[in-house]
Amino acid sequence: MKSGIRILLTIIFINHISFIFAQDFWEQLYFPDTVTIRCMTTNNQGDIFIGVGSSNETGGVYRSTDNAQTWEFVYDNSSFGVLSIAIDANGYVYVGKNGSSRLIVTKNNGENWEEIILPSTSYGNVMKILCVGQDTIYVSTWESVGSYITYSFDGGETWQYSYVTDHPNEYVSDIDISNTGEIFVSLSGFFNGQGGVYKSADGGANWIYVGLLNHQVLTIAINSNNEVFTGDWWVMNWNDTPGIHALYEGSDEFELIFDAYHATDIVIDSNGNIYAAANEGVVRSFNNGQSFEIIEDELSTTIEFLHIGFNEHLYGIRFNRIVKSIDPIMTVIDDSHIVELIENVRVYPNPVSTMLYLDIGSKHKHASFNEVFIYDIHGKSIYINEKAFLGNPYQFDVSQLSQGLYLIKIQQNGKILNARFIKK
């Protein structure tokens, strides 16, 4: 019966989308074929971190520092799997897993790992991690008594926790934050009255229902206009339609924008273009979800989770395969000649409320710079100053910026210097 329903849905889907034939969109990257990939991320230097592990497999973390040419097994989790991974503004890599020591961190790119102790009220597997700035971490764990989330504002030294709902075996499947600081979570469950989207306006202490009850919502993403996009694995009520939904600016209700099943991941690039792993393939929208097109590449059928790297390449993973878009999915500043890393540029105070100072070091004290860029946490450009001359230290008035994490890029004669700051 379910197979027949899926065939019918597939026919409907074809009538509501356009196709793009891009046979060379993806390239296959090398990865050891003996383990199952569960999650991935990349840092600002292009290093790739992969979490692996499934039944009868060795779990842990792999790292590649040469664009997947070679891999190192930098953390051994024995017979337990790594389920989630995230990197904060410091470059610290946080890993969530099952088994003992459920949350760990490396502060030196995978060379050494430390355990982070979660509250004693939590026992379940770490399903999702969201890092905001240098110190804020949100963690979801699968608990038997309800959808549970913990959060820390001091890098994991101390933790607070709350229950989004008290529905047994319902869990927080994904987490994102808006430019205004509202935390949104997607929930997935197995019974009527479960699932949906909730939000918190007080950092995670209290939660308000937003919509999509009875939807197994697996993924959530927020664009620079604070519009929320979600993806369903399926629905618990046959009167509902699974798919990709949007909560647009000025609306109080989610709108179905694309009929889909098994929508497992959504990412949004710096221009607001939407990419989704759905219908056992990959679709994208260049008009904020008004229409979608299929990326027709034979490698698309291998993709379950997506990730946008620092240089705007799109990555996809499923089972034991990893692919990468051959070209960046949008035009970005050429970072191929980065010679000064974030530790060479100092910003203070950080976090900052009004005036930010940028110290670029003694070797650049009298240099003139071609361009200065500031991006928000979603990659949206909010400041561009061409042919700028920077004193040292240089002053930015950031009092009008919204709270959140920002990236500074300074281009000088083909070289790019980077810094990050948090507006409080």
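Read-outs: derived from the displayed coordinates by stated rules, not from any lab. Remember, it's a predicted structure, so these values are computed and weren't measured experimentally. FYI the Cβ positions are ideal-geometry reconstructions off the backbone, even for glycines, and counts take in every protein chain you see.
Values as computed for the structure displayed
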item: Three-way shape label, region 155-202, alpha-carbon gyration tensor, a/c 1.5; result: oblate
item: Net charge contributed by nearby residues that have their C-beta within less than 14 Å of residue 301 (K/R +1, D/E -1); result: -3
item: Loop chymotrypsin sites (Phe, Trp or Tyr not before Pro), region 221-310 (other Cβ atoms within 10 Å of the site Cβ: 10 or fewer; DSSP); result: 238
item: Net charge over other residues, Cβ less than 12 angstrom from the Cβ of residue 115 (K, R count +1; D, E count -1); result: +1
item: P(r) tail fraction, region 150-307 - alpha-carbon pairs more than 25 Å apart, %; result: 29
item: Difference of contour (0.36 nm per residue) and Cα-Cα distance, residue 241 to residue 255; result: 3.9 nm
item: Area projected by the alpha carbon convex hull of region 192-259, averaged over all directions, nm²; result: 4.8
item: Alpha carbon convex hull of region 2-325, volume per residue in cubic angstrom; result: 132
